Amino acid sequence: MRIAIASDHAAVALKAELVAFLLDQGHDVNDLGPETEERVDYPDYGYKLAQCIAAQDADYGVALCGSGIGISIAVNRHPAARCALVNEPYSATLAREHNNANVIAMGGRLTGVDLAKACLTAFLSASFAGGRHAGRVEKLSNPTC
């Protein structure tokens, strides 16, 4: 799979661990930055990740910041992105199965490396269930109100 990953300064260390993990799993990884812990603004990297997903330059994305909240909000500003903030594997699975999420978000200050790997594995292993969820997911990118 082609995976794009981005963070802010608070999650650079977690991002590095997840990049190595994904590469070990055989995935094609596009690290969108940043490379250092020098202060940056999470919206810039969230927007960059969403653009990558929208352009279909990646199949899935990983968004990381201190809490995961800010960058997930930034990613979700783009109608092509469906970013789910998760903190355990079951919610990561449901994000794919029920919401067809194409980006997973986690907090570098809140999520340990092993738990982040477990969430990412669950997310990438799950598939969209479709059915009763399909119409709802369609409304996420094409609101009727």
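Computed from the coordinates by the stated procedures, all read-outs in this text should not be read as laboratory data. All values derive from a computational prediction rather than experimental measurement. We place every Cβ from the backbone using ideal geometry, glycine too, and count neighbours over all the protein chains shown.
Quick one: in region 127-138, which of the residues that are charged (D, E, K, R) and surrounded by 11 or more Cβ atoms within 10 Å (Cβ to Cβ) is nearest to I3 (Cα to Cα)?
E138
For A6, all conditions in the list (1) outside any helix (DSSP H, G or I); (2) touching a strand residue (DSSP E or B) at 6+ places or on another chain (Cβ under 9 Å); (3) free of Cβ contacts under 8 Å to residues at least 60 places away in the same chain hold save one; what is the number of the exception?
Here A6 meets the rest and fails (3).
Answer yes if at least one residue in region 14-33 is surrounded by 14 or more Cβ atoms within 10 Å (Cβ to Cβ), over 23 Å from F128 (Cα atoms), of a type outside the set (G, A, S) and free of Cβ contacts under 8 Å to residues at least 24 places away in the same chain, and no otherwise.
yes
Of all the residues that make up region 111-142, how many are free of Cβ contacts under 8 Å to residues at least 60 places away in the same chain, of a type in the set (S, T, Y) and in contact with a strand residue (DSSP E or B) (Cβ under 9 Å, 6 or more places away or on another chain)?
Count: 0.
May I ask you to list the residues in region 111-126 that are among the small types (G, A, S), closer than 21 Å to V12 by Cβ and surrounded by 15 or more Cβ atoms within 10 Å (Cβ to Cβ)?
Once the filter is applied, which keeps residues that are among the small types (G, A, S), closer than 21 Å to V12 by Cβ and surrounded by 15 or more Cβ atoms within 10 Å (Cβ to Cβ), region 111-126 yields A116, A118.
Collect the residues in region 86-110 that are more than 21 Å from H27 (Cα to Cα), touching a helix residue (DSSP H, G or I) at 6+ places or on another chain (Cβ under 7 Å) and surrounded by fewer than 22 Cβ atoms within 10 Å (Cβ to Cβ), keeping them in residue-number order.
E88, H98, N99, R109
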